[in-house]
Structure formats: C-alpha cells, structure tokens
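All remarks here apply to the structure that follows.
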Amino acid sequence: MIFKLFFLGVIVVGSACLGNVLASSLEERLTALKSLANGVASLKNALIYQGMSLAEGLAFASRDGEIFDTCAKLIFSNPRASGGEIAQRAYKENKEVFANLTEDERIFFGELLERLSRAAVPEQIGEAVAIFSREIVSSINKASEEQHKRSRVIRSMCLLGGLAFAIIIV
Amino acid sequence: MLKTIVEKYMPQGLAQSLGSRCENAEEIRLRMDKKVTFYLNGKEHEIEYITSHKELEQIVFALAEHSVHSFQEDIAQGFFTVGGGVRVGVAGKVVRDGDRIRAIRAFTSLNLRMPREAKGISRKLYPYLSSKGEILSTLIISPPQLGKTTLLRDIVRSVSDGELFTAKKCTVVDERCEIAGGMSFDLGKRTDVLSGCPKSAGLSMALRSLSPEVLATDEIGCLGELEAINEAVNSGVTLVCTAHGASREEICERLFFKKLLEQNVIKRVVVLSAKLGRSTAEMVTDGNGTLILKHPISLKESAS
C-alpha cells in the first residue's frame with residue numbers, strides 16, 4: 001500500500017514538474033521582449049546622456065540581448081548603411097537572435113534604428129524610443145496574458161493527465 | 001587617413017572616382033548637384049562626379065556614425081569633427097530657435113578638411129619664441145589653411161617632449177577636437193588633452209585640475225575667453241594659441257585682441273602667410289609690436 005501511494009506521488013509530482021517545464025518554455029518570448037525593452041532604454045540613455053554614437057550605444061546595450069551586439073557590429077563594419085538596413089541585415093545574418101520576436105516586432109525594431117540613425121536632436125531620440133516602447137509594452141502585455149493563460153492550461157492538463165495515468169496504473 | 005574616410009563613408013561611386021588621387025588632399029568639397037573638387041598643394045582639382053542632395057545627407061549621417069544628434073551643437077556652429085581630427089564643414093538649411101541656431105538640415109555643401117602633422121615645423125621659430133630655453137606666451141596669426149594648427153601642434157609636442165624648448169607640462173583645450181585629432185597626433189609625453197570642451201571653461205578647468213605649465217588652444221577670439229586667459233596667465237601659465245587673421249594690424253582692430261595685447265599677456269606674435277609656400281613665418285613680433293623676425297622664412301623645410 002505504501003509503495004502504491006509512493007508511486008502515485010511520484011507520478012503526480014513528475015507530471016506537475018513536466019507541466020511547469022512546458023509552461024516555462026513560453027516565458028522565453030516574454031523574457032526576450034522584456035530584454036528588448038530594457039536594452040532600448042539603455043540605448044536611449046547611452047545616446048542622450050552619454051553622447052555615444054549609435055554603434056557605441058548598441059554595444060553598450062548588448063548586455064540586454066545579443067540583438068544589440070549584432071547590430072552594433074554591423075554598424076561598425078558598415079558605416080554607410082542606415083539604421084533600417086542594419087536591422088534587416090542583422091535579421092538575415094543572425095535569425096536566431098530574432099527568434100522570439102514576431103515579424104511586426106522586428107519591423108518596429110528596424111523602424112526604431114532608422115529613426116535613431118536619422119535623429120538630428122536628442123528630442124527625436126526620446127520620441128523614437130517612446131514610439132517603440134508603446135508597441136513593445138503592448139506586445140509584452142499580450143504575451144504576458146497569453147503566457148499566463150496557456151501556462152495555467154498546460155499545468156492543469158499535465159497534472160490531470162498524471163493523476164489519470166496514476167489511477168489507471170495503480 | 002583621407003583614403004580610409006573616403007572608402008568607409010563616401011558612396012561607392014564617389015569613392016571610386018576619387019580613388020587614390022585625393023590621398024594627400026588638404027580639402028575635399030562636395031556641393032549639391034555640382035562636381036566634386038579637392039585641393040592639393042593649394043591647387044583646385046575637379047573630378048567628374050556630381051553629388052546629389054541624398055548622397056550629401058548619407059555622407060553626413062555616415063561621417064557622424066549615425067549620431068548627428070551628438071554633434072548637434074557643433075553642427076549648429078557649422079562644422080563637426082570626426083575621427084582623426086577631420087573637420088567637416090556643413091552648409092544647408094538653418095533651423096532657428098528664437099535667436100539661437102538649433103541645427104542645420106537639408107545639407108547642400110560639405111567641406112572635409114584634413115589635419116596635418118608636421119613634426120619639427122616649429123624648429124626654426126625656436127630662437128624667436130623662447131627665452132633661456134623656455135617657451136614664451138605666443139599667438140599664431142594666420143588666414144585659414146596656412147598651417148596655424150599644425151604649427152601649434154608641433155610647438156606643444158616640442159615643449160612637452162623637451163625638444164629644443166625646456167620640457168613643460170602642457171594642457172591642450174581642444175574645443176573642436178582638431179589639435180589632438182582624437183589622440184591620433186603626437187602631442188608629446190607631458191600633454192593632457194581636454195577634447196570638445198569650450199575654451200573659456202576648459203582653460204579654467206585645466207588650471208584647477210591639471211596644473212599645466214603651458215596651456216594651448218586654437219582659434220581664440222571671444223570676449224568670454226579673455227577672463228579665462230587672464231586667469232591662466234596670472235597664475236604663471238604660458239599660453240600658446242592661434243587666431244584667424246591676415247596680419248597683426250588687422251587683429252589689433254578687434255576688441256578681444258586689442259585688450260589681450262594691451263594687457264601684455266602675449267609675449268610673441270607669429271604671423272603666417274603663403275609667401276614662400278604654405279607655412280611661411282611672415283614675421284614674429286613681441287607683444288608691443290617690435291619686429292623680431294623681419295624676413296619671411298619657410299617653416300616647412302625644417303619639418304621631418
């Protein structure tokens with residue numbers, strides 16, 4: 001009897017853990033979006049308050065995501081290319097770093113770089129970042145809601161599946 | 001330097017047209033819908049390439065490393081300085097904010113001026129600019145393009161390294177980032193550089209924090225700088241500076257220089273001309289106007 005109860009416990013706990021693991025994979029997108037938002041905030045600070053160039057600012061923000069590092073390297077090696085072109089090249093050359101972003105979000109990022117690369121006064125940088133932040137915050141909210149719903153469903157399904165399996169076996 | 005800039009920042013077509021012809025050019029001029037010209041040994045050369053408005057804008061953005069905003073204040077004054085001390089003069093539509101010039105946009109002309117380094121160019125002036133081996137406060141007067149910044153740079157290097165002059169600690173207040181050229185020029189081993197710092201603030205700052213024995217700065221002439229210069233000289237610091245002008249007489253008509261010379265701040269005035277080619281020392285006078293060097297000498301010959 002004790003052995004049966006122990007076995008039942010193992011199956012239930014195991015399935016709950018599996019549910020958590022599956023649910024956490026959904027968090028990757030949310031984490032990527034949050035990193036992108038943090039990186040853009042760092043980029044804005046670097047450009048406005050530290051007077052860095054766009055490439056230096058992107059390199060400065062690279063601790064918030066490889067996406068910034070990729071773009072910084074591309075600008076350093078192609079100073080003639082505009083911000084929008086850099087975003088496109090970065091996507092072509094390193095799709096992995098954009099894996100957790102939708103096409104719309106990639107376009108917003110490209111537009112942000114284009115606006116930043118053409119900004120003539122610091123106010124334009126603030127505005128470009130504000131436009132991007134509006135979009136990305138809306139994406140974060142949507143992703144957060146979706147992740148919350150889906151993770152609850154996955155966890156419940158795994159737990160129920162585990163229970164059913166345990167009952168059948170035991 | 002120039003070749004790198006052309007290859008890296010100019011549109012490919014223009015870079016190919018310029019090729020290696022402009023490698024030693026002193027200046028490149030790009031004007032909207034006009035042929036590109038460059039100046040070599042004081043002579044104008046034209047190439048068969050017409051720059052469009054869009055290309056001019058692309059060049060500005062590329063030269064500014066897509067950070068035109070960080071050059072905003074410089075651009076509002078009509079120029080910005082990029083790597084290696086290359087000064088980019090701009091013309092276009094001025095954006096005003098009341099009386100203040102806020103920015104320049106819709107660029108129609110660009111003028112890329114290459115800085116030069118000519119080590120030893122100050123050698124021939126040593127006897128006139130020193131007393132018992134020590135550099136005296138000096139003002140270098142010259143029209144544009146005749147080598148006043150080059151001469152200033154070499155005087156600083158020479159004093160800082162103790163070459164001919166007695167070695168002294170130097171501080172360069174490099175408002176336009178042209179003297180040090182982003183530290184790409186040799187200014188000697190005892191030189192500190194304040195880059196991008198307004199002259200009046202920089203001179204006071206340097207005095208307080210870097211304890212210089214010699215202060216050097218380029219293109220003085222604003223009344224606001226007079227107080228800082230006086231403060232520096234009264235603290236026992238030697239000043240080496242430059243000014244735009246064709247002659248001592250012309251300079252003396254301007255209030256700033258009139259006051260500067262009246263206060264006996266400047267001990268030597270060097271006037272450059274093109275009489276014997278670029279970098280000719282036309283005359284050297286003391287602060288009161290007494291001639292010390294009466295006949296023009298070419299400084300280029302002593303440069304290595």
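Quantify how strongly other chains surround peptide A:46-56 by giving the mean number of their Cβ atoms within 10 Å of each of its Cβ atoms.
Taking all residues of A:46-56 together, the mean is 3.
Could you pull out the GluC sites (Glu not before Pro) across the stretch B:54-109 that fall in loop regions by DSSP (anything but H, G, I, E, B) with no more than 10 other Cβ atoms inside 10 Å?
Answer by residue number: there is no such site.
Compute the Rg/Rh shape ratio of the protein assembly as shown: radius of gyration over Kirkwood radius, all on alpha-carbon atoms.
1.18
What ranking do B:Arg278, B:Arg123 get, fewest neighbouring Cβ atoms within 10 angstrom at the top?
Numbers: B:Arg278 20, B:Arg123 17.
Exposure proxy ranking, most exposed first: B:Arg123, B:Arg278.
Sort B:Val240, B:Val95, A:Val137 so the one with the fewest other Cβ atoms within 10 Å of its own Cβ comes first.
A:Val137, B:Val95, B:Val240
How are the alpha carbon pair distances in the stretch A:38-152 distributed across 10 Å bins from zero to the largest one, expressed in percent?
Percent of Cα pairs in each bin: 14, 47, 29, 8, 1.
Using only atoms on other chains, find how many Cβ atoms lie within 10 Å of each Cβ of peptide B:66-78 and report the average.
Mean number of neighbouring Cβ atoms from other chains: 6.
Please determine, in degrees from 0 to 90 and to the nearest 10, the orientation of helix A:83-93 with respect to the longest principal axis defined by the Cα atoms of chain A, where the helix direction is its Cα long axis.
With both axes taken from Cα atoms, the answer is about 40 degrees.
From the cross-link list B:Lys148/B:Lys169; A:Lys4/A:Lys149; B:Lys168/B:Lys259; B:Lys124/B:Lys267; B:Lys35/B:Lys300; B:Lys3/B:Lys35, which pairs have alpha carbons spaced over 29 Å apart?
A:Lys4/A:Lys149; B:Lys35/B:Lys300
Please identify the helices of chain B, taking whole runs of DSSP H, that span at least 27 Å along their own axis as judged from the Cα atoms and have a mean Kyte-Doolittle score of 0.0 or higher.
What comes out of the filter, once short or polar helices are dropped, is none.
So, in Å, what gap is there between the alpha-carbon centers of the stretch B:121-174 and the stretch B:195-231?
Cα centres, the stretch B:121-174 to the stretch B:195-231: 16 Å.
Please give the direction-averaged projected area of the C-alpha convex hull for chain B, in square nanometres with one decimal.
Directional mean of the projected Cα hull area for chain B stands at 15.6 nm².
Starting from the Cα of B:Lys93, draw a straight line to each of the lysines and keep only those under 19 Å, dropping any in the same chain fewer than 8 residues away.
Reachable lysines: B:Lys34, B:Lys54.
If you rank A:Tyr91, B:Tyr126 by fewest surrounding Cβ atoms within 10 Å, what's the result?
Working: A:Tyr91 19, B:Tyr126 16.
Lowest to highest Cβ neighbour count: B:Tyr126, A:Tyr91.
In square nanometres, what is the average projected area of the Cα convex hull of the stretch B:6-55?
3.2
By per-residue mean of other Cβ atoms within 10 Å, what is the highest-first order of A:143-155, A:99-111, B:129-141?
So the peptides A:143-155, A:99-111, B:129-141, ranked by packing, come out B:129-141, A:99-111, A:143-155.
If Lys and Arg each add +1 and Asp and Glu each add -1, what is the summed charge of the other residues whose beta carbon sits under 11 Å from the beta carbon of A:Gln50? All intermediate terms of the calculation are to be shown ahead of the outcome.
Values: positive: A:Lys44; negative: A:Glu56.
For residues surrounding A:Gln50, the net value is 0.
Based on a Kirkwood Rh over C-alpha pairs, give the Stokes-Einstein translational diffusion coefficient of the stretch B:46-107 at 10 °C and viscosity 1.306 mPa s in µm²/s. Working shown, then result.
Numbers: Rh = 12.3 Å.
Translational diffusion coefficient: 129 µm²/s.
What is the distance in Å between the Cα centroid of the stretch B:241-304 and that of the stretch A:50-117?
Each part reduced to its Cα centre gives a spacing of 51 Å.
So how far, in whole Å, is the C-alpha centre of the stretch A:140-159 from the one of the stretch B:26-101?
55
With Cβ to Cβ distances under 12 Å as the rule, what net charge do the other residues near B:Gly181 carry (K, R +1; D, E -1)?
Summing Lys and Arg as +1 and Asp and Glu as -1 gives 0.
Values quoted throughout were computed directly from the atomic coordinates according to the rules given, and no laboratory measurement underlies them. A quick note: this is a predicted structure, and the numbers were derived from the prediction, not measured. Note: ideal-geometry Cβ built from the backbone for every residue, glycine included; neighbour counts use all protein chains shown.
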